[in-house]
Amino acid sequence: MRHRKARSKLNLREPHRRALLRNQVIHLIEYGSLQTTKPHLKAVQQLAEKLVTLARKGNDFNVRRRARQLLPYKDSALVKLFKEIAPAYKDRPGGYTRIIPMGRRVSDTAPMGRLTWVEGVAIEETTESTK
């Protein structure tokens, strides 16, 4: 029975799924948005929101260690998470990301979407570059 097993498997084995989600969260942190299929976006959104909530607690040793445990691949992504993204959402109680529907993919008609930060980091960067 699958009682209380809420996570989607994404048709991948657990190590591959974990690596895929970590890499996609790193992409979201570095570039501000991520475009992929909706099931992948929902899984990435869950992990990204968990990381921002964790990083909002501060930059002490244990919080940093727990974040490094979830994102062990790239130190620059963790630095950006703690220095830029988490302080932007300090007063927000949750819901740091949004999924924007993008229609269907032409090749296999998979539902596509874009995951972006809500009123935060990526939006500020684009408005500053256009001024």
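Here, each number is a calculation from the coordinates, and none is a lab measurement. Everything numeric in this text was worked out from a predicted model, so none of it was measured. Reconstructed Cβ throughout: ideal geometry from the backbone, glycine too, with neighbour counts over all protein chains shown.
Tabulated data
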{"read-out": "Debye equation applied to the C-alpha atoms of the chain, log10 I(q)/I(0) at 0.15 Å⁻¹", "value": "-0.76"}
{"read-out": "Contact order relative to length of region 14-130, as percent, for alpha carbon pairs under 8 angstrom and 6 or more apart", "value": "32"}
{"read-out": "Protection proxy ranking of 2-15, 82-95, 56-69, 22-35 - average other beta-carbon atoms within 10 Å, highest first", "value": "22-35, 82-95, 56-69, 2-15"}
{"read-out": "Neighbour net charge for residue 93 - beta-carbon separation under 12 angstrom, K R +1, D E -1", "value": "+1"}
{"read-out": "Cα-centre dipole for region 14-130 with unit charges at Cβ (Lys and Arg positive, Asp and Glu negative), debye to 20", "value": "520"}
{"read-out": "Residue-span extension gain [residue 83 to residue 68] - 0.36 nm each, minus C-alpha spacing", "value": "3.9 nm"}
{"read-out": "CD proxy at 222 nm, helix term only [per DSSP H run n ≥ 4: -39500 (n - 2.57); per residue of the chain; nearest 500]", "value": "-15000 deg cm²/dmol"}
